[in-house]
Structure formats: structure tokens, C-alpha cells
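Chemist: Quick one: the structure is below, and I'll ask about it shortly.
Every read-out reported here was derived from the displayed coordinates using simple, explicitly stated rules and does not represent laboratory data. Quick caveat, the model's predicted, so the values are computed rather than measured. Neighbour counts run over all protein chains shown; Cβ positions are idealised from the backbone, glycine included.
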Amino acid sequence: MTDQSSPTALAPAALTEYDVVVIGGGPAGSTAGALLAQQGHKVVVLEKDHHPRFHIGESLLPANLPLLEKLGVADAVKAIGMEKWGAEFVSPWHTSKSQTYKFSDAWDKSMPFSYQVRRSEFDEILIRNATRLGAEVIEGCRVKKVAFEPDHSGAIVHAQHEDGSSQQLRARFVVDASGRDTLLGKQFDVKRRNAKHNSSALYAHFTGVTRHAGQDAGNITIFWFDHGWFWLIPLVDGATSIGAVVWPYYLKSRSKPIKDFFADTMAMCPALIERLTHARQSSEVEVTANFAYACDHTHGPNYLLIGDAFGFIDPVFSSGVMLAMQGGFVGAETVNTCLREPAKAASALAHFDRQVRLGPKEFSWFIYRLTDPAMRDMFMGPSNVWRVKEALLSMLAGDIFGKTPIWRSITALKGIFYMASALNFKRSWRAMRQRKVNIHVVEDAEPAAR
């Protein structure tokens, strides 16, 4: 662990004192800030941007809904959301080209739907709710460094406002919810790229995209194609978010403007093109690296890492916002225990560590194998023997932190996968070798914006 030296030389004579400084005002930080303020702590949330602001990741999971209820924002999110009752997978390699999973068929039938949302609206609801519950929110304020006291009494947070002025804040505890900026992960040099996964995303919004009829109109659709997969996310205002998650070698092959490259990429997926017959692109094409990563640890003296500040995984299962908010809940509970019942801090932090690692671990097992032919076969022709389909649906719904007894069935599902792979050994071996090529880090594959 790197520099945790005393901040005395850097600190001004007078500092604003807080119980908790939360770095970042996305879903993780806003959730943690709201809950800690609600529990009576003096909290400030420092957000580098101003809400509303664009962010990718518009698809929520059913497991988000109980969290929204607890925060008191369920009605506000309902007002801006497109109901999402399921997830459709489309494969060009199967006779049955499409398979739709209904969340109502999951093990727990009480969470049958979720929402698709514009993140600019959703994230603003969450951060304004943090203010409503008593947290101070400072926008346009970027944290540059956190200097921790050597006696573990707290930290001084060094921040810079967009007008160039600086501010120092003293905190008993710091919650790093800085997202993919991974402030403390970089400061302590504990952020590690995941060697098992590597991709980038190109995306834009469209109008006039053909939607399914009735209750399926808001479903997310995942299209497999040769170089990765696409998402199609319908939004309530008639817009549709479409993105391609591709392997580094494919992005490296780009030799034309990104708008044309994206159009050519979509043309490789006939099932997607069918939905775009009357569509018009309504935003610029954006590009972002989706390189999976995680930090070596989830916490340290006087700080926690939550959401993407701890780790990031492929977005194919739309788990990001749910994991961020869940991290905000367990993080707030942990900080409250550390500050008010320090004798219980060790056990609370151990529980926090298990909870924060659980989601990425379980989702990643499927992510690593999603392009394997045996796994695609299972997704496109699901069986409910030993209730494995119900358990898979519970995973897709994000129902992994409660008491739903899915784990024996998840283990059985994994066993079925390994058996199917063994029975088609040559095919699986070729797929494994191809995956190694796919995820190989290609220099300069991290995309330029245009």
C-alpha cells in the first residue's frame, strides 16, 4: 500500500469536519451518502460533474426495486422508467433464433420486472434524494488526493472545484465511490486489470427502432455476433440505446470514422438490422473501454471501495447499477458500525468484503463463458431440471444477496455446462483457444473518441 503519510503539512489551519466524505455522486455514492445521512452522520458527497449528466448503463434489474423502495425513490423512478419484464437473447447460430427470459419465472416470483432508465434522470433522482435525507452535496468538485492519518483517526480529502479553487475536508471515514476513476485504487496502486476478460463498447441512441408488442416492448435484447455482442435497450421517451461490446482485435481493425465503423459493425447482425428499418441515429457514437478490473482489497483503515471504484465487469447482464447500489447499502451499514460500534468493526468489514466480492464473482463465471458454444446452447434451449432455469433467472434478476435458495441449482447448472463441454470436447477446446485470442490485450486498442 502506498502513501498514507500524515497530511499535516498540506492541511490549512481550519478544516471542514465531516463524519463521512463520499467521493462520487453516482448510484453507489448517492445511495451510501443518503443512508449515512439518514442515520444521523454528517456526510458530504463530492461529485466531479453536475447532474443531470449522461452516463451509459440504462438497464436496471428487478433486485434494484427493493433498494429503490428503501431509499424512498421508487415512485420517482417509476415516473421516468420503461418497464422491463424480461431479457431476450438472439443467436445467429441456433435454429431457435430468439429466447426470452421472463423475470416472473425466476425462483422468487415477487420481483417480476424492472426498468430501463435514462441515467441522467435516474442518477439525479438518487443524488437529490441524498440531499433530501440530509447529506451535503457539492457538484463540480474533483477529489485529487486523500491523505490518511497514520494513527487511523481519519483522513484529509484534497479537492478542487471547477473554478480552480481548492478545498480540504477532514473525515473520520472515506467512501470511495469514484466509479471508473478508481481514485483510491490508483492512489494505493491496487487496481488490477482482469486477465480473464477484455472488451470495449461503441454505442449511440436511436429513434424509430422497432419494438416488441405488449409487455415485451421494454425488454432488453442481447444479440450475439462474431466479434462480441450487442445490447438494445428501449427507453420510455421513444429512444433506444444500442451498443456493441467487442473484442480488442476487432476495435484495432478500425480504419474509418467511428460513426461509419459502428454502422458497419451493426450491419454484421441481421437480426439487429431488422429492428432498425425505420430508425434514425439521434446521438453521437461514443466509445469506452470496458476493460474488466478489480482492486486487491475492498477496504482499509478509514475507507471503503464500492461500485466501480472497487471493480468493473462486462455489462452483459446489466448488473452494474444493482451492484453499485447494493454496495452503497452494505457500505453504509459497515461505516455506521465502524463509527458507532468500533468493537464490531472487524466483523462488519469482513462481511462487507464478502458482499462486495460476491456479485462480480458470480456474474463473472457466466460472463467468461457466455461466448462458449455450450453456454450459448444452454441459454438458447433452457431446461428447468433441478430448477436450474429458475436459478439462472434469479441470477439475471440480481437476486443473489437475499435468502432465495438458488445456490444448489446454480451449482447443478455449472455441472451441466461442464458435462456438455466434455461431451463436445473439440468444440469447447476451439472455443477456449479463440477466447484467449479474443481477450488478448492489443496495444492502442483503447479507443479514441472519434
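Chemist: How high is the relative contact order of segment 368-439, in percent, counting Cα pairs under 8 Å that sit 6 or more residues apart?
Modeler: The value is 39 percent.
Chemist: Near THR182, within a Cβ-to-Cβ distance under 10 Å, what is the net charge of the other residues, with Lys and Arg +1 and Asp and Glu -1?
Modeler: 0
Chemist: So for each of 426-438, 54-66 I average, over its residues, the number of other beta carbons within 10 Å; can you give me the resulting order with the highest mean first?
Modeler: By packing density, highest mean first, the sequence is 54-66, 426-438.
Chemist: Give me the percent relative contact order of the chain, please, defined on Cα pairs under 8 angstrom at least 6 residues apart.
Modeler: Relative contact order here is 21 percent.
Chemist: While we're looking at this one, here's another question. Among THR100, PHE291, HIS161, which residue has its Cα positioned farthest towards the positive end of the charge dipole of the chain, with +1 placed on the Cβ of Lys and Arg, -1 on the Cβ of Asp and Glu, and the dipole taken about the Cα centre?
Modeler: THR100
Chemist: Continuing with this model, one more query. Can you run phi through the Karplus equation (6.51, -1.76, 1.60; θ = phi - 60°) for segment 104-119 and list ³J(HN,Hα) in whole Hz, with x for Gly and Pro?
Modeler: Calculated HN-Hα couplings, in order: 5, 8, 5, 4, 8, 7, 7, 10, x, 8, 9, 9, 9, 9, 6, 5 Hz.
Chemist: Let me ask another. Name the residue from HIS278, SER253, TRP224 whose Cα lies farthest towards the positive end of the charge dipole of segment 214-279, charges +1 on Cβ of Lys and Arg and -1 on Cβ of Asp and Glu.
Modeler: After comparing all options, I get SER253.
Chemist: State to the nearest 20 debye the size of the charge dipole of the chain about its Cα centre, where the only charges are +1 on K and R beta carbons and -1 on D and E beta carbons.
Modeler: Dipole about the Cα centre, nearest 20: 1440 debye.
Chemist: Oh, and also: Counting Lys and Arg as +1 and Asp and Glu as -1, what is the net charge of the other residues whose Cβ lies under 13 Å from the Cβ of ARG408?
Modeler: +1
Chemist: Here is a follow-up. With +1 on each Lys and Arg Cβ and -1 on each Asp and Glu Cβ, how big is the dipole of segment 368-439 about its Cα centre, in debye rounded to the nearest 20?
Modeler: Here segment 368-439 has a charge dipole of around 340 debye.
Chemist: With an 8 Å Cα cut-off and a minimum separation of 6 or more residues, compute the relative contact order for segment 200-289 in percent.
Modeler: Worked out over segment 200-289, it gives 44 percent.
Chemist: Right, next: Local charge sum around ASP296 (other residues, Cβ-Cβ under 15 Å, Lys/Arg +1, Asp/Glu -1)?
Modeler: Residues near ASP296 contribute +3 overall.
Chemist: Among THR411, THR337, PRO382, whose Cα sits farthest toward the positive end of the charge dipole of segment 302-414 (+1 at Cβ of Lys/Arg, -1 at Cβ of Asp/Glu, about the Cα centre)?
Modeler: THR411
Chemist: Which entries of LYS48/LYS403; LYS196/LYS426; LYS48/LYS186; LYS78/LYS361; LYS344/LYS403; LYS196/LYS414 show an alpha-carbon separation above 28 angstrom in the structure shown?
Modeler: The answer is LYS48/LYS403; LYS78/LYS361.
Chemist: Provide the packing ranking of 158-170, 264-276, i.e. peptides ordered by the mean count of other C-beta atoms within 10 Å per residue, highest first.
Modeler: Per-residue Cβ counts within 10 Å, averaged per peptide and sorted highest first, yield 264-276, 158-170.
Chemist: A follow-up question, please. Averaged over every viewing direction, what's the projected area of the C-alpha convex hull for the chain? Give it in nm², one decimal, please.
Modeler: 22.0
Chemist: How much mean residue ellipticity at 222 nm does the chain get from its helices, if each DSSP H run of length 4 or more adds -39500 (n - 2.57) and you divide by all residues, to the nearest 500 deg cm²/dmol?
Modeler: About -11000 deg cm²/dmol.
Chemist: Same structure again: Through the Karplus equation 6.51 cos²θ - 1.76 cosθ + 1.60, θ set to phi - 60°, convert the phi angles of segment 74-80 into ³J(HN,Hα) values in whole Hz; use x for Gly and Pro.
Modeler: Along segment 74-80, the couplings run 4, 5, 5, 6, 4, 5, 10 Hz.
Chemist: Percent antiparallel among DSSP beta bridges with both residues in the chain, to the nearest 5?
Modeler: For the chain, the DSSP antiparallel bridge percentage is about 70.
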